[in-house]
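Please treat every number below as a calculation from the coordinates, not as lab data. Note that the coordinates shown come from a computational prediction; the quantities given were computed from them, not determined experimentally. Note that we place each Cβ from the backbone using ideal geometry, even for glycine, and neighbour counts take in every protein chain shown.
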Amino acid sequence: MSRAARTLAVAAGVAFGTALIVYYIVSYLTVAPPVVAATGSKPRVHLTLQTVPSFGNAPHPDWVSYLAQDPRGKWVHSTVLRVPAYSRVDVTILQYDTATGLRNPFWGQPRGTIGGTINVDGKTLNVLDPNLASHTFAIPDLGVSVPLKGVAKGAKNPCSVAPCTLAQTHTTVTFSFVTGKPGKFRWQCFVPCAFGFPLGFGGPMQSIGWMDGYLMGQ
Ligand SMILES: [Cu+2]
């Protein structure tokens, strides 16, 4: 290969790599899921979420994701949630995914919920077997961390396309927490649930609208 051809090949490689980085940064900064408000009004509101093992739609049909239900009952592909400040938030999470297990068994203990407990399919629990967890719902700034019990592998009628319906196999997790002063608080899942990514932590695990989101306290 001539010197000119090698120079050209290197320049093309650098340009391609740069284009990928620019694409990543621009899409990170511009893709903003819609804000979904909690149902009800201050000082007590309700949030309903679901987790789906694969979104089933563009742009990433095989990515694991959260969805949120808006006050009219419509499922929205978003993790940006608006709640009132200084209020009680009652949360219902319909969990359709199978268990992955917690990297740290400590997270099997619900934290920051009213009463320090969660309710799973009608049973009140103050700890979940870490092997049974599929995802977590955690708002570190508010000290909230809740493990979500997975459905059994091979369960009948699994959901693979969002939004999942109540007729499909799921666990129902409910809990409550209180909000404080207004602010924008990051929330996310801490289970390495991004199948097909290094250590399970890429893709949906680093993307707002999938396994990461914001709680907008207003
Ligand atoms: Cu997850």
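Listing for the model above:
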| read-out | value |
| --- | --- |
| DSSP-defined antiparallel bridges as percent of all bridges, the chain, nearest 5 | 70 |
| 15 Å Cα-Cα reach of LYS156 towards aspartates and glutamates, excluding residues that sit fewer than 8 places from it in its own chain | ASP97 |
| Cα shape, the range 35-217, gyration tensor, a/c 1.5 rule | rounded |
| Net charge of neighbours whose Cβ lies under 15 Å from the Cβ of GLY40, counting Lys and Arg as +1 and Asp and Glu as -1 | +3 |
| Sorted by Cβ density within 10 Å, fewest first, the residues MET205, MET1, MET211, MET216 | MET1, MET216, MET205, MET211 |
| Whether the range 29-106 is rounded, prolate or oblate, judged on the alpha carbon gyration tensor where a/c under 1.5 counts as rounded | oblate |
| Spatially proximal aspartates and glutamates relative to LYS123 (Cα-Cα < 17 Å; intrachain offsets below 8 disregarded) | ASP90 |
| Ascending count of other beta-carbon atoms within 10 Å, so fewest first, for ILE93, ILE21 | ILE21, ILE93 |
| Exposure proxy ranking, count of Cβ atoms within 10 Å, fewest first, for SER160, SER145 | SER160, SER145 |
| Rounded tilt (10° steps) of 3-30 against the dominant C-alpha axis of the chain | 20 |
| MRE, 222 nm, helices only [DSSP H, n ≥ 4, -39500 (n - 2.57), over the chain, to nearest 500] | -4500 deg cm²/dmol |
| No Cys partner within the rule (Cβ under 4.7 Å), the chain | CYS189, CYS193 |
| Three-way shape call for the range 75-180 based on the alpha-carbon gyration tensor, with the a/c threshold at 1.5 | oblate |
| Reach of LYS181 by Cα under 16 Å, taken over aspartates and glutamates that are not fewer than 8 positions away in the same chain | ASP141 |
